[in-house]
Amino acid sequence: MFDLFKKKNKKKEELVENIVQEFASDEVKLVEEKESPFALYLLFSKQFVLRKDEVERRIKGINNDIVTVGTVADFDGKDALYFYAEINEHRFKLIGIETPIPDEIASYTINCSYGNEIELRKMKEHSYHVIAFYEGKCTDKNKVFNAYSKLAYGLLEHGLLGMANPYSWNCIIPSLIKGMVEDESAKILATMPAMMVWRNFIKMPYKDGVWFVTKGNNLYDIYEYAYFGVFEDSNEVYEIFESIFNYVYDTKSAILSGHTMQIDKDVYLRFREVYELENDLQGEGIGTLVIEKIRSNEINMIN
């Protein structure tokens, strides 16, 4: 599928082709199904040669983690890039692809990202990417994403332009990756379900208004939330989404279609099923609930 490598001999050529076919197949699954294997995308301006000792040193320097980085079949980037990284109990399998990420994935990751305009532009101009498959057994997404942030930090000096998360429609810019390791005030973002980091707040213009919707809640077994309003509602809707997510995340409560809820002293809400734009609003896994404001006397009244 991809013309990736300058091949030195027939045996190596066959091995490279087998690897490419394996990972290209997995990438198609990620585009079409967004199912396992779980993977994020590391974006680069060009192909590079892996300096594994440097990557190990950078990651170990975060908090003395046990780190091992090694190539598979000696593919360090000269002919092909195929390597693994182990950070404590977490293991990643990675392969470099000498093309940008597929347009479909770019449309809902890079194009939906927040951050420094210069870094966002550089991400859009990337020409090389590495698929980082998670092969560890940990099911705690906070721990898994923390390991991903360390992996990305280890590759910053290799020209990393960003890390794309197709599950949350987002990309993390290099300055944030660096901040989550080096900045005391930002470190907590690497270990919690932070909005604009591991989850995202999307605005979709529609008719005379805008659909606001979360992406990435499903990674924590929580419904995505959607609300129809106008752009001026952005801050309020963001706060509503976060209030509901944090309540469900902290209490493990079940909020379903037809339920009502009060947040703050004068905000009353009802939850219902998605009724339009299902391809865009409907979340992966358990799905999406549409939020509507109601009057105080409608609390606990189910339509």
Which is farthest toward the positive dipole end of the chain among 294, 281, 131, measuring Cα position about the Cα centre, with Cβ charges +1 (Lys, Arg) and -1 (Asp, Glu)?
-> 131
Taking amide H positions as placed in the peptide plane 1.01 Å from N, state which residues far from residue 160 in sequence (5 or more) or on other chains have amide H under 5 Å from it.
-> none
Asserting the computed 222 nm helical MRE of the chain (DSSP H runs at least 4 long, -39500 (n - 2.57) per run, divided by residue count, to nearest 500) equals -9500 deg cm²/dmol
Compute the long axis of helix 141-154 from its Cα atoms, compare it with the longest principal axis of the Cα atoms of the chain, and write down the angle in degrees, 0 to 90, nearest 10.
-> 40 degrees
The helix 52-63 Cα axis meets the longest alpha-carbon principal axis of the chain at an angle in degrees, between 0 and 90 and rounded to 10, of 40 degrees
Whole-Å distance, taken between Cα centres, linking the stretch 198-249 and the stretch 287-301 | 15 Å
For residue 225, enumerate residues with amide H under 5 Å from its amide H, sequence gap 5+ or separate chain, H modeled in the peptide plane.
-> 214, 289
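Rounded to the nearest 20 Debye, what is the dipole magnitude of the chain about its Cα centre when Lys and Arg each give +1 and Asp and Glu each give -1 at the C-beta? Show your work: numbers first, answer last.
Numbers: 36 positive and 49 negative charges, 169 e Å.
That gives the chain a dipole magnitude of about 820 debye.
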Specify which labelled value, from [x] 1.15; [y] 1.09; [z] 1.03, agrees with Cα Rg over 2.2 N^0.38 Å derived from the coordinates of the model shown.
-> [y]
Helix 10-32 sits off the longest principal axis of the Cα atoms of the chain, rounded to the nearest 10 on a 0 to 90 degree scale, by 0 degrees
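Can you give the Rg/Rh ratio of the stretch 103-171, where Rg is from the C-alpha atoms and Rh is the Kirkwood radius?
Details: Rg = 12.5 Å, Rh = 13.0 Å.
My calculation puts Rg/Rh at 0.96.
Using the Cα centre of the stretch 230-283 as the reference point, and only Cβ charges (+1 on K/R, -1 on D/E), how large is the resulting charge dipole? Debye, rounded to the nearest 20.
Values: 4 positive and 12 negative charges, 78 e Å.
I would put it at about 380 debye.
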In sequence order, calculated HN-Hα J values of the stretch 81-88 (Karplus, 6.51, -1.76, 1.60; Hz; x Gly/Pro) | 10, 8, 8, 10, 9, 10, 10, 6
Which ³J(HN,Hα) values, rounded to whole Hz and listed in residue order, are derived for the stretch 160-176 from phi using the Karplus coefficients 6.51, -1.76 and 1.60 in 6.51 cos²θ - 1.76 cosθ + 1.60 with θ = phi - 60°, glycine and proline given as x?
-> 4, 9, x, 10, 8, 10, x, 7, 10, 6, 8, 10, 9, 7, x, 5, 6
Give the share of C-alpha pairs in each 5 angstrom bin for the stretch 135-203, from 0 to the last occupied bin, in whole percents, shortest bins first.
-> 4, 17, 29, 27, 17, 6, 1
Please report, in debye to the nearest 20, how large the charge dipole of the stretch 200-298 is about its Cα centre when each Lys and Arg carries +1 at its beta carbon and each Asp and Glu carries -1 there.
-> 160 debye
Using Cα pairs under 8 angstrom and six or more residues apart, how large is the relative contact order of the chain, in percent?
-> 14 percent
Cα convex hull of the stretch 179-303, projected area averaged across orientations, nm² | 8.8 nm²
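With r defined as the distance between the Cβ atoms of residue 157 and residue 111 and R0 fixed at 25 Å, what FRET efficiency is calculated, to the nearest 0.05? Let's see the in-between values first.
Working: r = 27 Å, r/R0 = 1.07.
Plugging the Cβ-Cβ distance into 1/(1 + (r/R0)^6) gives 0.40.
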Go ahead and collect, in residue order, the members of the stretch 73-105 whose backbone nitrogen is under 17 Å from a label point 7 Å along the Cα-Cβ direction of residue 125.
-> 100-101
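How much length is gained on full extension from residue 186 to residue 88, taking 0.36 nm per residue of separation minus their Cα-Cα distance? List each step's numbers first, then the result.
Values: separation 98, 0.36 × 98 = 35.28 nm, distance 2.19 nm.
Net length gain for the segment: 33.1 nm.
All of the numbers you see were taken from the coordinates with simple rules; none came from a lab. In this text, all values refer to a predicted model and were calculated from it rather than measured experimentally. We place every Cβ from the backbone using ideal geometry, glycine too, and count neighbours over all the protein chains shown.
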